[in-house]
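The values are calculated or read from the model by the stated rules, or taken from the named source; none is laboratory data. These numbers come from a predicted model, not from an experiment. Methodologically, a virtual Cβ is constructed for each residue, glycine included, from the backbone with ideal geometry; neighbour enumeration extends over all protein chains shown.
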Amino acid sequence: MPRKYVNIHIHGNNSGNIVVGDDNITEQQINSVAGTDKETYFDAGGRLKQVREEIGLKGSEFVEKLGLPSERKYLSIETNSGEAPLSLLWKVHKLTGVTMEWLKHGKSPRYDVDYIDLNPYEDDLARCAKLKPTEYFLTLNSKDLHIGLVAQLGDHRYQAFDTGVTLDFWNWVESHWAISRFYKFLKALSDPWHDIDGLILTPAEDKKLYSGEMHFQDISSRARTDLVYDILDINETRLHLTSYKRRYGGDWMHRVHEEFKYYLELDKKMQEEKGE
């Protein structure tokens, strides 16, 4: 199971506030946004338009969401007849989650992706909780069964988490310790969040979302599933396995449940032997 890591720097500004931002945002730039230094401008109109259209807002709606004084002046920036001040890029970043490095320079990724490490899974739960999400979504790659998690942080802002987990446990050659931890993470996450929706992604969508090249709003409006609860239903008391078999082929969901039960029981025995 691959493991990836992302660095997030925390900056302080002159007012003593803490601002979480991209790796390459300097303290001087943060102060510029706050109006304490000379403004910096970027030729970012095309990228601003791309983000606005991706989240499905008209120019007037985008201007209103950003709290800008003039729709005409903003749209002149989008059409590349004017440069975008850093303070405007920062507002767009806060609204949509698009990275400052992409807005300023077109450098990938467009959206930051964080990672669920499961070592220990309690830390992952705490990290998610600190974001104070309004909703969670669980995604499933319809081909390789890759699982991802997306937290909604605002009307147009989401944080994607790559779990590094694929549900084909029987094909794993290592990291089997993560199987029971993933179940416990998902169970703990779902207990207070009874409305976690599932979304089935194509392989192309899954790749783009978890490489930071797609805004989740592109796919958030599609049909939702009870994926998270079906995965957790290891005793199959409510699950209609035939729907998964018909749609995806094979009995993989049943095999997922059997693997969960095996490794949860193994984990329980190991804890008992340790006297925990």
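Hey, among GLY164, GLY198, which residue is closer than 30 Å to PHE62 by Cα, in contact with a Lys or Arg (Cβ under 8 Å, 6 or more places away or on another chain) and assigned to a strand (DSSP E or B)? Walk me through it before giving the result.
Numbers: GLY164 fails: closer than 30 Å to PHE62 by Cα.
Answer to the selection: GLY198.
Return the residue satisfying two criteria in turn: it lies in region 83-100 and is over 18 Å from the mean Cα position of the chain (by Cα) and in a helix (DSSP H, G or I), and of such residues it is surrounded by the most Cβ atoms within 10 Å (Cβ to Cβ). I'd like the intermediate steps shown before the answer.
Filtering region 83-100 for residues over 18 Å from the mean Cα position of the chain (by Cα) gives 83-91.
Those left that are additionally in a helix (DSSP H, G or I): 86-91.
On the way: LEU86: 21, SER87: 15, LEU88: 21, LEU89: 23, TRP90: 20, LYS91: 16.
Going through the qualifying residues, I end up with LEU89.
Quick check, is GLY67 of a type outside the set (A, V, I, L, M, F, W, C) and surrounded by fewer than 19 Cβ atoms within 10 Å (Cβ to Cβ)? Walk me through it before giving the result.
Numbers: of a type outside the set (A, V, I, L, M, F, W, C): yes; surrounded by fewer than 19 Cβ atoms within 10 Å (Cβ to Cβ): yes.
For GLY67, the condition - of a type outside the set (A, V, I, L, M, F, W, C) and surrounded by fewer than 19 Cβ atoms within 10 Å (Cβ to Cβ) - is met.
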*Lone qualifier among ASN80, ASN119 - being assigned by TED's automatic domain parsing to the domain that holds ASP43, surrounded by fewer than 20 Cβ atoms within 10 Å (Cβ to Cβ) and either under 17 Å from the mean Cα position of the chain (by Cα) or outside any helix (DSSP H, G or I) (or both)*: ASN80
*Might you let me know whether region 172-192 holds any residue that is assigned to a loop (DSSP other than H, G, I, E, B), among the β-branched types (Val, Ile, Thr) and either farther than 16 Å from ASP144 by Cβ or in contact (Cβ under 8 Å) with a residue 24 or more places away in the chain (or both)?*
no
*Does region 45-53 contain at least one residue that is surrounded by 16 or more Cβ atoms within 10 Å (Cβ to Cβ), free of Cβ contacts under 8 Å to residues at least 60 places away in the same chain, among the small types (Gly, Ala, Ser) and not assigned by TED's automatic domain parsing to the domain that holds ALA188?*
yes
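Please state which one of LEU57, LEU48 is among the aliphatic types (A, V, I, L, M), under 25 Å from GLN217 (Cβ atoms) and either modelled with pLDDT under 95 or part of a helix (DSSP H, G or I) (or both). Don't jump to the end; show me each part of the working.
Working: LEU57 fails: either modelled with pLDDT under 95 or part of a helix (DSSP H, G or I) (or both).
Residue meeting the stated conditions: LEU48.
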_Restricting to region 201-241, and then to whatever is surrounded by fewer than 14 Cβ atoms within 10 Å (Cβ to Cβ) and of a type in the set (Lys, Arg), can you tell me which residue is farthest from TYR111 (Cα to Cα)?_
ARG238
